[in-house]
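As structure tokens, the structure follows; a few thoughts come after it.
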Amino acid sequence: MGEGAVRATDEGAGGSAGRPRVVVGVNGSPGGLAALHRAAYEARRGGTELVAVFAWEPPGGSLAHRRALCPLPLEDLRRDAGRRLLAALEAAFGTAGPGVPYRAVVVQAAGGPALVETADREDDLLVVGAGGRGPVLRALLPSVARYCLAHARCPVLAVPPSPLAAHLSAVHRRIALRLPLDARELTEGRS
């Protein structure tokens, strides 16, 4: 799978002490894949290590998990998070990998705090996907990018969503609502 790590780990910031790194949040979404590609570019450009971080929490959060009558085993959830991280890396880079030394890190925490804690050096670069969420999601879910911009001790690069993401979302909505879809809409420039 190229250079670097080939399996997800439960490491924290560690590794390569004193060397600059590019830390990127990975979640498998199109915006997350764009951030992953940009982070790999920045790592290649700077000759640094890439640290791909997948943050996860038990369904409903840690408190709900502890109080559940029949909670899913944490080890199973951690393993699933590792599989999802590796799937996102493969979706982004295929079997060749990103072309730089890298580590895949699984962290049990909320996305923002996990990324800020991992990118704990002043010479790190933290790359996150930004935008692409509607007003309802912004109101209900905290933004990982905003958290990182407010709390990180290193520079943060917020990668905007691809302009194609809006078109893809519109197609998904039309399909979900069973509205007719004209293929010419996909090929013609829309304003």
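Determine, for each peptide in 70-77, 53-60, the mean count of other beta carbons within 10 angstrom over its residues, then list the peptides with the highest first.
Ranked by mean Cβ neighbours within 10 Å, highest first: 53-60, 70-77.
Using the per-residue mean of other Cβ atoms lying within 10 Å as a proxy for protection, in what order, highest first, do the peptides 161-170, 107-116, 21-30, 81-90 fall?
Listed from highest to lowest mean packing, they are 21-30, 107-116, 81-90, 161-170.
Computed on alpha carbon atoms, what radius of gyration and Dmax characterise region 33-177, expressed in Å?
So, for region 33-177, Rg and Dmax equal 16.6, 50 Å respectively.
Collect residues whose amide H, placed 1.01 Å from N in the peptide plane, falls under 5 Å from the amide H of Ser29; neighbours closer than 5 in sequence don't count.
none
Mind checking the dipole of region 33-85: about its Cα centre, +1 per Lys or Arg Cβ, -1 per Asp or Glu Cβ, Debye to the nearest 20?
Charge dipole, region 33-85, about its Cα centre: 80 debye, nearest 20.
Where a number appears in this text, it was derived from the coordinates with a stated rule and is not lab data. It should be emphasised that the depicted structure is a prediction, and the values quoted were computed from it without experimental measurement. Cβ coordinates were reconstructed from backbone atoms using ideal geometry, including for glycine residues, and neighbour counts include every protein chain displayed.
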